[in-house]
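One structure is given here, and the rest of the page talks about it.
Derivation of every value follows stated rules applied to the coordinates shown; laboratory data play no part. Worth saying up front: this structure is predicted, and the values here are computed from it rather than measured. In this analysis, Cβ positions are derived from the backbone assuming ideal geometry, glycine residues included, and neighbour counts consider all displayed protein chains.
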Ligand code: G6D
């Protein structure tokens, strides 16, 4: 395993560093300590062409201006919180309202927009951040760690840990946009997806869970066997149309430990298998990607990448029947997701 640290630019005279992890097979993962952003993942196709398979920018300034959370850690709470407010033990907390009157992905200056301390460890890098009491409206001083490690089984493991000195909310995820075609040669509409999930959460017009879950059977959300992403984009099913033709939904994962999520690009042969201890994965097909701007020279457009955000359920604080995202003083928040990159021969 090689780990290469390089300067990636400066913000307010503070240097941002990139950390590139390279395993013995040439698989590369690069991340920076601004937002713990994964800027590049280089993986081979079935003809051994090593190409980038995530959306990213060439410069730090583009990440500072980014509003699509490219490659970043979303938090203190990933997903939306209705009306940007919640109550804990009789106290109401008002969060930044950065999404049509609701709170999204930790607010205006969420975890994606802060500097993290970085420490090179065996086979990876550990990022740490102290989120002060009241940051974006959240209670409690929260100490967060995000660890990226790579092994020779072509697995990128992301581990999250957090502790608080006062009851608060926390569920964080990585918001990488995958595109297995390689160097964004194609969009993701012909990628296939398989998810071990029988139910997904119904969203309202503000993309907030209504609290109801829907059986996937006989809908374009049935990924229990491989399905092309395009079927949800061309469908007239109300929940696909609602989110701008595609998917932007939490899928409830079964508790078993099968390889829960499988993404494939049949043309290149690249595969991505994801295992997680989280209760849900938000599948977002890049429906809101801007039509201006570039990702490493490729013009941005809808469906150029797919996010598979393993996390707690969005707006869980307002739905007591959802698994809780409340973290109390003395408790340990921990979560682990493993991304395995592979090739499917012809
Ligand atoms: C849009 O609704 C989507 C979110 O799910 C996504 O995370 C964000 O864009 C980047 O708001």
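Note down the nm distance, to one decimal, between modelled labels 7 Å out along Cα→Cβ at residue 210 and at residue 152.
Placing both labels 7 Å along Cα→Cβ, they lie 5.3 nm apart.
Give, in nm to one decimal, the length gained when the segment between residue 64 and residue 224 is fully stretched (0.36 nm per residue of separation minus the Cα-Cα distance).
53.8 nm
How much length is gained on full extension from residue 334 to residue 50, taking 0.36 nm per residue of separation minus their Cα-Cα distance?
99.0 nm
For every helix of n ≥ 4 consecutive DSSP H residues, a contribution of -39,500 (n - 2.57) applies; sum these over the chain, divide by its total residues, and give [θ] at 222 nm rounded to the nearest 500 deg cm²/dmol.
-1000 deg cm²/dmol
Considering the chain as a Gaussian network with a 10 Å cut-off on Cα pairs, which listed residue, 131, 225, 197, attains the greatest mean-square fluctuation?
Looking only at 131, 225, 197, the largest GNM fluctuation is found for 225.
Which of rounded, prolate or oblate describes region 225-270 when judged by the alpha-carbon gyration tensor and an a/c cut-off of 1.5?
Because a/c hits 1.5 or more and a/b fails to exceed b/c, region 225-270 counts as oblate.
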